[in-house]
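Remarks on the structure that follows.
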Amino acid sequence: MRSWLADPLLVRPFGATGPEVARTLAAQINPGAPGPVVVLWPGLGAITSGLVDRGVRPSRLVLIEADPMICAQLHEHWPMARVIQTDAYAAPILLRRFDEPAAAVVAGLAALLRPARVRLRLVLGCLRASAPGAPFVQVTCLVRSPVPLPRARLRARGSAMIWRNPWPARVWTYRLAFARGDSL
């Protein structure tokens, strides 16, 4: 709460992602796909727990969080995960520096604090820096897509509204669409 009061745009609302949302989000991830699974704004761990419950090994997790207090808690709770303290909007640059492309990128609610064009740049940048076919999965409290659609070369699919959550939520999954003749 202290972190949120100091900088309300830095931390997402507490308890915004419940177990059902975390399960819906994790279901979009292939735990057997090679490469790291990147979590932007992991918060206090519901999303991360959902991914581990799905079969993602904690050592494959890269948790990107700006709040130093949350980073310390993530280090303590997920010692095998790689925790990076930075603005999650730097993720496209960070992903290009990894030894192997990301298998998936998952984003918490804090992504919604920036304008739609900035969110779109984040999604496209992460997808382009990830493994071919890798998803970008976003939790939102919006009914519509949190990134502007339709977009050429971007496929989007939203889940049904998840009412059994502290705030009703929806999970959107984005992937790059490949034109005929493009290679994966």
Taking Ala102 as the residue in question, decide whether it is part of a loop (DSSP other than H, G, I, E, B) and touching a strand residue (DSSP E or B) at 6+ places or on another chain (Cβ under 7 Å).
yes
Restricting attention to region 90-105, which residues are touching a helix residue (DSSP H, G or I) at 6+ places or on another chain (Cβ under 6 Å) and not basic (Lys, Arg)?
Ala91, Pro92, Leu95, Ala102, Val105
Neighbours by Cβ (under 6 Å, 6+ apart or cross-chain): first from region 27-44, in contact (Cβ under 8 Å) with a residue 24 or more places away in the chain and among the β-branched types (Val, Ile, Thr); second surrounded by 20 or more Cβ atoms within 10 Å (Cβ to Cβ) and part of a loop (DSSP other than H, G, I, E, B)
Val37/Val56; Val37/Ala103; Val38/Ala102
Pro92 passes all but one of (1) of a type outside the set (Gly, Ala, Ser); (2) out of contact with any Gly (no Cβ under 8 Å at 6 or more places or on another chain); (3) buried (at least 17 other Cβ atoms within 10 Å of the Cβ); which number fails?
(2)
Name the one entry in Gly45, Gly108 that is on the phi > 0 side of the Ramachandran plot, touching a Phe, Trp or Tyr at 6+ places or on another chain (Cβ under 8 Å) and either at pLDDT 95 or above or buried (at least 17 other Cβ atoms within 10 Å of the Cβ) (or both).
Gly45
For the condition farther than 24 Å from Gly32 by Cβ and over 16 Å from the mean Cα position of the chain (by Cα), what is the one hit in Ile162, Ile93?
Ile162
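The values are calculated or read from the model by the stated rules, or taken from the named source; none is laboratory data. Just so we're clear, the structure is a prediction, and the values are computed from it rather than from any experiment. We place every Cβ from the backbone using ideal geometry, glycine too, and count neighbours over all the protein chains shown.
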